[in-house]
Amino acid sequence: MRKPIIAGNWKMFKHLSDAVEFVEAVKSSIPNKEKVDSVICAPALFLPTLVEQAKGSNLAIGAQTMHFEKEGAFTGEVSPSQLSDIAVSYVVLGHSERREYYNETDAAVNKKTQAAFEYNLTPIVCVGETLEEREAGNTVAKVAGQVRAALEGLSTEQVKQTVIAYEPIWAIGTGKTATAEDANEVCGAVRATVQEIAGPDAAAAIRIQYGGSVKPENIVELLSMEHIDGALVGGASLQSDSYLRLLEAGANA
Ligand SMILES: O=C(CO)COP(=O)(O)O
């Protein structure tokens, strides 16, 4: 049995005071860690405050991106060692917005995934196809290629601990969710790819999230699917009541 993992990705939303208010509102109501992993991936600026605030609760705090080097002359970047030093526990890597607007390549995502393990961070690696790729019948080829590239060089144990987020780009922020069956089919293809790379134990253990217009109204059906082990949620993770409903669905999946 894979434990569900529900992660909110706040992207570039909220001010620090809103973030603190949110964590205060949810932290005592986060479901038991044995039932679901509950994560908020916040802007880097908020991380030290939120990590302190969430200490002792069931809420884990994650970053939305990072560099792959420990340190160096990379103006504006945040390093894996800096995240680890303030006890951040997750990091989103290769989000389609980073790939599209900041030229994050498969090779960089691979280096970042390896760096995450070096610094004790759990990577949430995002993969997904554009609408054109889907319409051309290239969804599985695209997603499998991204998975292979991201996991290259990892040990079987590291592959098992990686979280993959399947986010069809056309479903992000558009209100268009992939049908639960379509999402499950691609998540199944991700699992099959992991099996080819790292064997059946890793394929059985790795957790695969779906992301793209997930809401309290559609998450239960998505989580009922065989290969969907959680959700990476943008818009619907910004309000505390909606976020708690998502976690509740995770705890009961
Ligand atoms: O990109 C996403 C999460 O990383 C999905 O965003 P939405 O849930 O707003 O569609």
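For the reader, a short list of remarks on this structure follows.
- Accessible surface for region 5-252, divided over its residues, is 44 Å² per residue with a 1.4 Å probe.
- Protein-only accessible surface at a 1.4 angstrom probe places the residues MET66, MET225, MET12 in the order MET12, MET225, MET66, largest first.
- Listed by number, the DSSP H helices of the chain that run 24 Å or longer by alpha-carbon position along their axis and have mean Kyte hydropathy of at least 1.6 come to an empty list.
- Percent RCO, i.e. relative contact order, over the chain, from Cα pairs under 8 Å lying at least 6 residues apart: 21 percent
- Heavy-atom accessible area with a 1.4 Å probe sorts TRP170, TRP10, largest first, into TRP170, TRP10.
- Cα-only Debye scattering, region 86-202: base-10 log of I(q)/I(0) at q = 0.09, 0.16, 0.21 Å⁻¹: -0.23, -0.74, -1.22
- Set of lysines with alpha-carbon distance to LYS33 below 18 Å, sequence-local pairs under 8 removed: LYS3, LYS55
- Computed with a 1.4 Å probe over protein heavy atoms only, the accessible area of ILE5 comes to about 0 Å².
- Descending semi-axes in Å of region 1-94, equivalent ellipsoid built from Cα gyration tensor: 23, 16, 11
- For region 167-192, the residues whose amide N sits under 15 Å from a probe point set 7 Å from the Cα of SER224 along the beta carbon direction are 179-184.
- When the surface is traced with a 1.4 Å probe over the full set of protein chains, TYR243 keeps roughly 0 Å² accessible.
- Charge tally around VAL140: other residues with Cβ under 14 Å, Lys/Arg +1 each, Asp/Glu -1 each, net -2.
- GNM on the chain, alpha-carbon springs under 10 angstrom: the most fluctuating residue among THR130, THR65, THR162 is THR130.
- Counting only heavy atoms of the protein chains and using a 1.4 Å probe, HIS67 has close to 30 Å² of accessible surface.
- Average projection area in nm² (convex hull over Cα atoms of the chain, one quarter of hull surface): 12.2 nm²
- Among the listed pairs LYS142/LYS176; LYS35/LYS142; LYS11/LYS111, those whose Cα-Cα separation exceeds 26 Å are LYS35/LYS142.
The values are calculated or read from the model by the stated rules, or taken from the named source; none is laboratory data. What you are looking at is a predicted structure, and each value in this text was computed from that prediction instead of being measured. Neighbour counts run over all protein chains shown; Cβ positions are idealised from the backbone, glycine included. Quick note on the areas: whole protein, heavy atoms, side chains included, nothing else; ligands and nucleic acids left out. Shrake-Rupley method; radii C 1.70, N 1.55, O 1.52, S 1.80 Å.
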